[in-house]
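The values are calculated or read from the model by the stated rules, or taken from the named source; none is laboratory data. All values derive from a computational prediction rather than experimental measurement. So basically every Cβ, Gly included, is an ideal-geometry build from the backbone, and we count neighbours across all protein chains shown.
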Amino acid sequence: MYPANFNYVRAGSVAEALSLIESEEDAKFLAGGHSLIPTMKLRLAEPSTLVDIGRIEDLRGISYGSGDEPDCIGSLTSHATIATSQLPCALVEAARGIGDPQVRNRGTIGGNIAHADPASDLPTVLTALEATIRVAGPEGTRNIEAGDFFTGLFETGLKDNELITVISVPREESGAGSAYAKLFNPASRYAVVGASAVVTLDAGKIVRARVAVGGLTATAVRCGAVEAALEGNSSSADAIKEASSQVAADVVDDILEDVHASAEYRLGIIPVFVARAVQSACSRAA
Amino acid sequence: MEGRRSMGVNVTMNINGKAHSVDTEPRMLLVDFIREKIGLTGTNIGCDTTQCGACTVHMDGMAVKSCTVLAVQADGSDVATIEGLATDGVLHPMQQAFWDEHGLQCGYCTPGMIMAATKLVEGNPDISDEEIRHGLEGNICRCTGYQNIVKAVKVAAQAA
Amino acid sequence: MSRFVGKSFKRVEDPRFLQGQGSYVANLQRPGMAYVAILRSPHAHARIVGIDASAAEALDGVIAVYKGQDLIDGGVGPLPCGWVVPELKIPERWPIVPDCVRHVGDGVAVVVADSPYVAEDALELIEVDYEPLPVSLGARATTEYRATQIHDGIPNNTAYTWALGDEQAMRKAFAEAAHVVELDLINQRLIPNAMEPRACMAEWDAAMEEMTVWTTSQNPHPIRLLLSAFTLGIPENKLRVISPDVGGGFGSKIFHYPEEVVVPWVARAIQRPAKWVSTRSEAFMTDSQGRDHVTNVKMAMQRDGVITGLHVQTWADQGAYLSTFAPLIPTALSITLFSGLYKIPGIWGEMKGTLTNTVPVDAYRGAGRPEASYLLERIVELGAKKMGMDPIAFRRLNLIPAEEFPYQTPVAFQYDSGNYQGLFDKLEELSDYGQLRAEQQVQRAAGKLWGVGVSGCIEASGPAPSAVAGSLGSAVGLWESGTVRVHPSGKVTALTGSHAHGQGHETTFAQVVAEELNIEIEDVEIIHGDTGRIPFGMGTYGSRSAAVGGSALVRSAERVREKMIKIAAHQMESRPEDVYFDDETRTIRVQGATDEGMTFGAVAMAAYTAHDLPPDIEPGLDETAFFDPSNFTFPNSAHLAVVSIDRETGEITLEKYVGVDDVGKVINPLIVDGQLVGGVAQGVGQALWEHGIYGEDGQLLTGSMLDYAMPRADRFPTIQTGRIETPSPTNPLGVKGAGEMGTIAGTVTVANAVMDALAPLGVDHVEMPFTSEKIWQTIQSHSDS
């Protein structure tokens, strides 16, 4: 399994990367390569040119915000770095469960979300966290809300000539907690289904809830019905379970089916993972 | 694809402490670079989908799957392979523990397993069985059922 | 008092593997070597209308492109089937198909290029015009009236039917039965996935007209024979087959594969060395696969639970062609084991070997015996349930008593030895069985799905003797060769026809030879896997190496020893009957004499200098034996597993596993335990995760490790092992074989545990693998129970 031939250029800066992607025909950005290279080895992708952004140091690392400023994660930050960071627990938990140690060492958050695999963990978590994805393009930078970023199966709002630079994640407010729970695909370690929750507790009541699920449809889905059922209610196990069952109202159409899980199974177990994520987020918030 | 010939690139790499400078196609995978260009065949290839971990090497101090890294991505890097682990004919404690605990049968996954394990135990001499089992989730062995590998890693963690 | 046999020694082969110095075929290079890549059919069944390779041929770096007819015109013959049951219909199987592809992965063209990267580029440039045909799938469905016929002359896609046992006794048992239990079950398709993908390299010496082939084989001599007599036509004495370090086989590297024909043919055609290395993706669509039986089983019992009859009907999916030993697996390696550990007077087994548009199926670790154990131990479990008996108590009621060996079953085999009650005694003790059942009560009271499963399995290892194998369909003998060559300095090279690909023969066999010759392990080197260096050998499969290959080395070492005694006696002016090998001093001495005797090396040197040998003794010390055992050996086991099930998601956790095995005498406990534990993990893999799933169009839906779930480290508890030893009387070592029992028992033990966990819901049977979804669906559909 070898990739088809391509031209290789290395970008030293974001500006250079953007200029190279414009000037080269049929070019693609290469970050850690852990989504792109496997696809190229199977010759499912045969770009003419790879613009290697892997050495743009500005894009690597986490800068923690203070006060109302969000935490900013450079797009080249590896899953391993996130897995051992002080970022919100949901993100740390999700990063820890991506692939395996070697994959986490090379795979990057930017590459992961640009690939937009429906079975990927990070889109679900970023959606729940209400993260913002900053992208740079020829006309400057723009921000895309995570909830709008993922547009379809392996599709994003990113244009071919745009580059993800920063993923900014709101800091957890006091009394808040977050979590991610997933059913591992026993072969690939991807999520069969995954759920992420961010909650704020006040005196045993859930005053704010953000919930998203992944693996069920083409993109991660924000769960308004679950959130509404959680907010203003008790964080007891029964209340959480009851609210989590509302997820059926949030994901209705075009449920994925594959050799690993039927739509029925995905729909059947997602309330369990929503409840587990909410429960765990609540215990962290307390 | 037809007739598409990309320009060769020069790749410089320090492999097991020895500097190499080699012209290669940019599409060459790090594992093929190590095996075919440098001639170190200890790093094996067991799958095409970044699952099995047989090709695990250290790149700038991190365990990576060399089947999913382009050689050009490792340009300028320090790479360590199984061949560089023993020093002056003395086995690395991880190699020794795999030997002592019968942590290998056919030997094919062994180089990658050992390279992953040496990183796993770094700074963690009291690593638990569970941590080892989770830490080796990127390395597949068909022969041993992992049991003696877990034993070996535990012994080596304490020896290191 | 044995110095080596029965003791754990670290493996002598390990240093090279630990340091990345294993000589796997993919690592080998020859000067000027070309790389071979093979274009694979994307269709499960299609006629090849035309192939346009001109663009590929024009690509820079491409040496040649060959089609199926080019190879046929160049003298290549079809791949043979080496196990011929009565009235077998063998479909024609070409290494590269000229006209019609019959499974996804069938080879349609060969590219030879200067680099593997270019070879793969060229594959993309070959245009094949296919006319897709309807596909036929399913071991049983493929035999139905409307099914597409895959090969001319093989009606109903049925290659053979086979039956064994005592049909009358079976009918009588069912007629008189107080209780009958019945089960339909599927033993699903598995993909072996040895970690080293297959590879082949060849070099043609035009001056000598000699071909050397390096291949990832478990049995280089049979491959040489097949290459010579059937597929390539190069005389055996001009053909050398080397199977160097091989990274696991599990049966999948026994068989003669198309690439073993293609690569040497290419090397001769282009007059350059050539190499092909399988990718994992290719392995999924070309390595022979395992199991895939569809079975109906019925068991008859008396009022008291004594089993009296067993009737089994199985459809065995053999894939698109008959792989080298395919018909053996469901027949003589499966039905023959239907008696299990039990006294069952009326057994009748019927088998149909059928063809489908899938990758060929052949031996995979256990090979027929896991299928037998699975159906038997599942129906026995249902029998116990029907009788309201504890599963161990029910088995104990039906076990063959230790004093009845040798025991003749109604399905051909005569079991040599065993202590089956003893197995369960040890299992109950090791697992604290009573306590486990008490804990289960507590778990169930708390609403948990928590199950304990047991099994008692039998295996037939070391297929033998050759005459019987021949009568059952074997085209080859099933003996083994061994040579012990003592060099003048006293160092020993031992040659074995067995082949190690993870089993540690270089250590175990050195222990055996060192023991026999009273020398050190370091003084013995074991050579295997090279037809240029060893006598004809049959190779390694069926857990046969210690019992057959080890015994051949014992026989040849005994001959060396006898000769050395004669030489030493002559030199020390004594009688041979007074000369002995002294364990303590490692010398060869005369009984009662006070002198130091002769060292091993001194006697060896005397044999070669030949200055003063007894009159009837030839110079040299080099003995070869061909050991053809009088019977199979019969390893047996009692295993136990504990599982818990997450009611909400259907996820299963394997909480505990205990295996007690009787593999006869043990040469190296460290290695034997490694085999058993590794085998169990593979068996558990079948129960919980592994499944080769074909879509309706014949596409393999689990065609990579992203979709085919391989067992991983974090899914296992520590597997506990225990042993009892009843030596086999049919070989000088008393060994029975340890390579497959773990796998045979592991699958059904976990299956029984899962069914036990689900029992409170009223569940009797679920098909493997027990994926989270399948268990969740089962829980849903039984949620009102």
Kindly provide the set of residues from the stretch B:96-120 that are under 18 Å from B:Gly61 (Cα atoms) and of a type in the set (S, T, N, Q), ordered by number.
B:Thr118
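Residues checked against (1) buried (at least 21 other Cβ atoms within 10 Å of the Cβ); (2) more than 13 Å from the chain's Cα centre (by Cα); (3) in a strand (DSSP E or B):
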residue: A:Asn161; (1), (2), (3): no, yes, no
residue: A:Val198; (1), (2), (3): yes, yes, yes
residue: A:Val207; (1), (2), (3): no, yes, yes
residue: A:Thr219; (1), (2), (3): yes, no, no
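Residue-by-condition table, conditions (1) away from chain B (no Cβ under 14 Å); (2) out of contact with any Phe, Trp or Tyr (no Cβ under 8 Å at 6 or more places or on another chain):
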| residue | (1), (2) |
| --- | --- |
| C:Gly61 | no, yes |
| C:Asp70 | yes, yes |
| C:Gly77 | yes, no |
| C:Val84 | yes, yes |
Meets criteria (touching a Leu at 6+ places or on another chain (Cβ under 6 Å), crowded, with 20+ Cβ neighbours inside 10 Å and within 7 Å of another protein chain (Cβ to nearest Cβ)) for B:His102
yes
Do you know which of the residues in the stretch C:235-278 that are in a strand (DSSP E or B) and in contact with a Cys (Cβ under 9 Å, 6 or more places away or on another chain) is farthest from the other protein chains (Cβ to nearest Cβ)?
C:Ala274
Just the residues that are among the polar types (S, T, N, Q) and not in a loop (DSSP other than H, G, I, E, B), please, taken from the stretch C:725-744.
C:Thr743
Would you point out the residue of the stretch C:221-256, among those that are without any contact (Cβ under 8 Å) to a residue 60 or more places away in the chain and in contact with a strand residue (DSSP E or B) (Cβ under 8 Å, 6 or more places away or on another chain), that is surrounded by the fewest Cβ atoms within 10 Å (Cβ to Cβ)?
C:Lys238
Does at least one position in the stretch C:702-715 carry a residue that is touching a Ser or Thr at 6+ places or on another chain (Cβ under 9 Å), among the β-branched types (Val, Ile, Thr), modelled with pLDDT of 95 or more and closer than 30 Å to A:Pro38 by Cβ?
no
Can you find a residue in the stretch A:66-86 that is within 13 Å of another protein chain (Cβ to nearest Cβ) and in contact (Cβ under 8 Å) with a residue 60 or more places away in the chain?
no
Within the stretch A:102-124, tally of residues that are touching a helix residue (DSSP H, G or I) at 6+ places or on another chain (Cβ under 9 Å) and part of a loop (DSSP other than H, G, I, E, B):
5
Residues that are under 22 Å from C:Val110 (Cβ atoms), of a type outside the set (Val, Ile, Thr) and buried (at least 18 other Cβ atoms within 10 Å of the Cβ), drawn from the stretch C:123-153:
C:Leu123, C:Leu125, C:Tyr130
Against the condition touching a Phe, Trp or Tyr at 6+ places or on another chain (Cβ under 6 Å) and at pLDDT 95 or above, how does C:Met208 come out, does it pass?
no
Does any residue of the stretch C:636-658 turn out to be within 42 Å of the chain's Cα centre (by Cα) and assigned to a helix (DSSP H, G or I)?
no
State whether the residues of the stretch A:61-68 include one that is more than 29 Å from A:Arg276 (Cβ to Cβ) and in contact with a Ser or Thr (Cβ under 9 Å, 6 or more places away or on another chain).
yes
Could you list, ordered by first residue, the pairs with Cβ atoms under 8 Å in which the first is in the stretch C:583-607 and farther than 16 Å from C:Ala514 by Cβ and the second is assigned to a strand (DSSP E or B) and of a type in the set (Asp, Glu), at least 6 apart or interchain?
C:Arg589/C:Asp582; C:Gly597/C:Asp582
Regarding A:Tyr8, is this residue of a type outside the set (Val, Ile, Thr), within 13 Å of chain B (Cβ to nearest Cβ) and not in a strand (DSSP E or B)?
no
Looking at the stretch C:519-564, which of its residues are among the small types (Gly, Ala, Ser), touching a helix residue (DSSP H, G or I) at 6+ places or on another chain (Cβ under 9 Å) and closer than 30 Å to C:Pro615 by Cβ?
C:Ser556, C:Ala557
Which pairs have Cβ atoms under 7 Å, sit 6 or more apart or on different chains, and link a residue in the stretch C:75-101 that is crowded, with 19+ Cβ neighbours inside 10 Å to one that is among the polar types (S, T, N, Q)?
C:Val76/C:Thr231; C:Leu79/C:Thr231; C:Cys81/C:Thr324; C:Gly82/C:Thr324; C:Trp83/C:Ser474; C:Val85/C:Thr331; C:Pro95/C:Thr231; C:Val101/C:Ser41
Residues in the stretch C:685-724 that are farther than 24 Å from B:Glu130 by Cβ, assigned to a loop (DSSP other than H, G, I, E, B) and not small (Gly, Ala, Ser): how many?
11
Select, from C:Ser281, C:Ser373, C:Ser323, the only residue that is of a type in the set (Ser, Thr, Tyr) and either more than 30 Å from C:Gln699 (Cα to Cα) or part of a loop (DSSP other than H, G, I, E, B) (or both).
C:Ser323
Which one of these is out of contact with any Phe, Trp or Tyr (no Cβ under 9 Å at 6 or more places or on another chain), among the small types (Gly, Ala, Ser) and either free of Cβ contacts under 8 Å to residues at least 60 places away in the same chain or within 14 Å of chain C (Cβ to nearest Cβ) (or both): A:Ser283, A:Ser236?
A:Ser236
Out of B:Ala117, B:Ala152, sole residue that is at pLDDT 95 or above, of a type outside the set (Ser, Thr, Tyr) and under 22 Å from A:Ala187 (Cα atoms)
B:Ala117
